[in-house]
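**Student:** Starting off with a structure, shown below.
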Amino acid sequence: MDTIKAIEEQQIKENVTEIHVGDTAKVYFKIVEGATERVQVFEGIIIAINNGGIRKTFVVRKISNGVGVERIFPLHSPRVERIEVVRRGRVRRAKLYYLRDKVGKAAKVPELIKKKQA
Amino acid sequence: MLGLIGKKIGMTQVFDANGKLIPVTVIKIEDNIVLGGRTEQQNGYTAAVLGSVDIRKNLVNKAVAGQYKDICEPKRYMVEFRDYDKEVKTGDALTVKEFADTAFVDVTGISKGKGFAGGMKRWGFQGGRKTHGSKFHRDIGGTAMSSTPARTFPGHHMAGHMGVDKVTVQNLRVVKVDEELKVIMVKGAIPGPAQSAVIVKKAVKKR
């Protein structure tokens with residue numbers, strides 16, 4: 001088992017951006033088209049994080065032209081160049097699948113405002 | 001034919017250059033010690049005999065220990081490889097490095113035991129409906145014809161013991177050879193439970 005852990009650890013990214021469920025994030029995703037390579041940005045709300053060591057993934061949801069679009073990104077994939085958290089969200093559950101059934105204002109996540117320690 | 005004795009460690013996934021996750025089986029290859037050879041003049045064929053994986057001394061009897069005398073400590077596995085690619089002499093230690101520029105390998109192992117299995121599991125028979133009044137579920141069905149020949153032909157597929165067979169999986173792509181961890185990673189699954197001994201050979205049908 002230790003050998004497998006060692007192999008997986010080699011590929012786990014160090015200092016990845018800290019992400020939480022409910023955050024609005026920009027994912028800079030590398031796309032290879034034949035010989036050329038470009039970076040595409042996918043911005044949306046993180047509605048789920050699935051742990052699993054090297055297989056850790058997160059789900060980003062956005063509304064594109066009125067249609068809900070969800071993408072699953074492997075966190076440690078070399079094609080996920082970087083993640084930028086635009087806005088922290090205040091949420092009370094680990095999976096925000098209920099957002100799929102909501103429209104308009106109800107489909108929003110309130111911003112997390114941290115109180116200063118007195 | 002280049003081959004080495006290894007141990008199945010288990011499966012995991014690795015990212016390739018394009019960021020694709022590839023399922024791999026990790027095979028640990030400890031030092032393979034050359035224990036001897038077979039020659040055309042003496043045996044009528046050429047081969048190399050390799051031994052690998054250390055074993056506790058109290059598990060080895062004198063007859064087995066004698067074969068390792070003056071070469072190395074007794075090993076758990078001893079395998080003969082016909083027409084070995086490399087020039088080797090007794091006492092040499094072969095490592096996973098031998099597979100450094102090999103693209104495809106064949107892996108032989110002993111499959112997991114399935115016990116006494118029915119026709120559906122063992123031979124892929126269709127079986128019948130589970131519901132709607134069906135009284136034919138997982139049976140094997142007819143096994144022969146009528147009054148001619150009035151018997152079941154030998155070798156007919158039926159229920160019986162399944163697994164613990166010698167199984168070879170061919171043309172597995174070598175994803176990575178790690179000399180530091182002494183492992184070779186191949187794409188896909190290989191027979192047998194984790195920690196079991198496997199034989200890794202250069203692919204016969206694919207280069």
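**Student:** Give the residue from A:51, A:36, A:78 lying farthest towards the positive end of the charge dipole for chain A; charges sit on Cβ (+1 for Lys and Arg, -1 for Asp and Glu) and the dipole is referred to the Cα centre.
**Tutor:** A:51
**Student:** Within a 10 angstrom radius of the beta carbon, how do A:108, A:116 rank from fewest other beta carbons to most?
**Tutor:** Placing the least packed residue first, the sequence is A:116, A:108.
**Student:** Any chance you could run the full-extension gain for residue B:62 through residue B:135? It's 0.36 nm times the residue separation minus the Cα-Cα distance, nm to one decimal.
**Tutor:** Answer, rounded to one decimal: 20.3 nm.
**Student:** Compute the FRET efficiency between residue A:113 and residue B:102 as 1/(1 + (r/R0)^6), taking r as their Cβ-Cβ distance and R0 = 56 Å, and round to the nearest 0.05.
**Tutor:** 0.45
**Student:** Moving on to the next point. Which stretch or stretches of the stretch B:1-24 have amide N atoms under 17 Å from the point lying 7 Å from residue B:42's Cα along the Cα→Cβ direction?
**Tutor:** The answer is none, because no backbone nitrogen lies closer than 17 Å to the label point.
**Student:** Still on this structure: Size of the dipole of chain A about the Cα centre, Lys and Arg at +1 and Asp and Glu at -1 on the beta carbon, nothing else charged, in debye to 20?
**Tutor:** In debye, rounded to 20, chain A gives about 820.
**Student:** Positive end of the charge dipole of the stretch B:110-203 (Lys, Arg +1 and Asp, Glu -1 on Cβ, about the Cα centre): tell me which of B:158, B:188, B:133 has its Cα farthest that way.
**Tutor:** B:133
**Student:** Per 5 Å bin, what is the whole-percent P(r) computed from every C-alpha pair distance within the stretch B:16-171?
**Tutor:** With a bin width of 5 Å, the distribution comes to 2, 6, 10, 12, 12, 11, 9, 9, 9, 7, 6, 4, 2, 0, 0.
**Student:** Longest exposed-loop-site-free stretch of chain B, with GluC sites (Glu not before Pro), DSSP loop and at most 13 other Cβ within 10 Å?
**Tutor:** Counting only loop sites that pass the neighbour cut-off, the longest clear stretch is B:88-178.
**Student:** Collect residues whose amide H, placed 1.01 Å from N in the peptide plane, falls under 5 Å from the amide H of residue B:55; neighbours closer than 5 in sequence don't count.
**Tutor:** For residue B:55, the qualifying residues are B:76.
**Student:** Just to be sure I understand: with springs between alpha-carbon atoms less than 10 Å apart, which residue in A:54, A:12, A:31 has the highest mean-square fluctuation in the Gaussian network model of chain A?
**Tutor:** Its mean-square fluctuation being the largest, the pick is A:31.
**Student:** Same structure again: When N is the residue count of chain A, what does its C-alpha Rg come to as a fraction of 2.2 N^0.38 Å?
**Tutor:** Ratio of Cα Rg to 2.2 N^0.38 Å: 1.20.
**Student:** May I have the extent of the alpha carbons of the stretch B:117-162 along their three principal axes, as whole Å values ordered from largest to smallest?
**Tutor:** Cα spread of the stretch B:117-162 along its principal axes, largest to smallest: 34, 27, 11 Å.
**Student:** Please find, in a Gaussian network model of chain A (springs between Cα atoms separated by less than 10 Å), the residue of A:107, A:35, A:25 whose mean-square fluctuation is greatest.
**Tutor:** A:35
**Student:** Please compute the alpha carbon radius of gyration of the protein assembly as shown, then divide it by the globular-protein estimate 2.2 N^0.38 Å. Two decimals is fine.
**Tutor:** Working: Rg = 28.3 Å, N = 325, 2.2 N^0.38 = 19.8 Å.
Against the empirical 2.2 N^0.38 Å value, I get 1.43 for the protein assembly as shown.
**Student:** Right, another one. Quick one: order B:99, B:116 by neighbouring beta-carbon count within 10 Å, fewest to most.
**Tutor:** Lowest count first: B:116, B:99.
**Student:** A further question on this structure: In the structure displayed, which of B:28/B:97; B:69/B:166; B:69/B:182; B:112/B:166 lie more than 20 Å apart, Cα to Cα?
**Tutor:** Long pairs (Cα-Cα over 20 Å): B:69/B:166; B:69/B:182.
**Student:** Treating only the Cβ atoms of Lys and Arg (+1) and Asp and Glu (-1) as charged, compute the dipole magnitude of chain B about its Cα centre; round to the nearest 20 debye.
**Tutor:** Around 1160 debye, computed over chain B.
**Student:** Just checking the output field for A:69-79: average partner chain Cβ neighbours within 10 Å of each residue's Cβ? If you can, show how the numbers build up before the last one.
**Tutor:** Details: counts 0, 0, 0, 0, 0, 5, 0, 3, 5, 6, 4.
Mean number of neighbouring Cβ atoms from other chains: 2.
**Student:** Between residue A:106 and residue A:2, what's the calculated FRET efficiency when r is the beta-carbon distance and R0 is 51 Å? Round to 0.05.
**Tutor:** For residue A:106 and residue A:2, the calculated efficiency is 0.60.
**Student:** May I ask for the distance between the Cα centers of the stretch A:45-118 and the stretch B:66-131, given as a whole number of Å?
**Tutor:** Taking the Cα centre of each part, the stretch A:45-118 and the stretch B:66-131 sit 46 Å apart.
**Student:** Additional query: Per residue of A:3-9, how many C-beta atoms from partner chains lie within 10 Å of its own C-beta, taken as a mean?
**Tutor:** 6
**Student:** Taking neighbour Cβ counts within 10 Å as the exposure measure, how do B:31, B:92 sort from fewest upward?
**Tutor:** Final ranking by Cβ density, sparse to dense: B:92, B:31.
**Student:** Considering only B:105, B:200, B:120, whose Cα is most displaced toward the positive end of the charge dipole of the stretch B:66-207, charges sitting on Cβ of Lys, Arg (+1) and Asp, Glu (-1)?
**Tutor:** Value computed over the given set: B:120.
**Student:** Let's see if you can work this out: charge +1 on each Lys and Arg Cβ, -1 on each Asp and Glu Cβ, no other charges. What is the dipole magnitude of the protein assembly as shown about its Cα centre, in debye to the nearest 20?
**Tutor:** So the dipole magnitude of the protein assembly as shown works out to roughly 2020 debye.
**Student:** Under a GNM of chain B (C-alpha, springs under 10 Å), which listed residue has the highest mean-square fluctuation: B:76, B:151, B:138?
**Tutor:** Highest fluctuation of the listed residues: B:151.
Readers should treat all values here as calculations from the given coordinates under stated rules, not as data from a laboratory. The shown structure was predicted, so the numbers you read here are calculated from the model rather than taken from an experiment. Quick reminder, even Gly has a Cβ in these numbers, built from the backbone with ideal geometry, and neighbours come from all protein chains shown.
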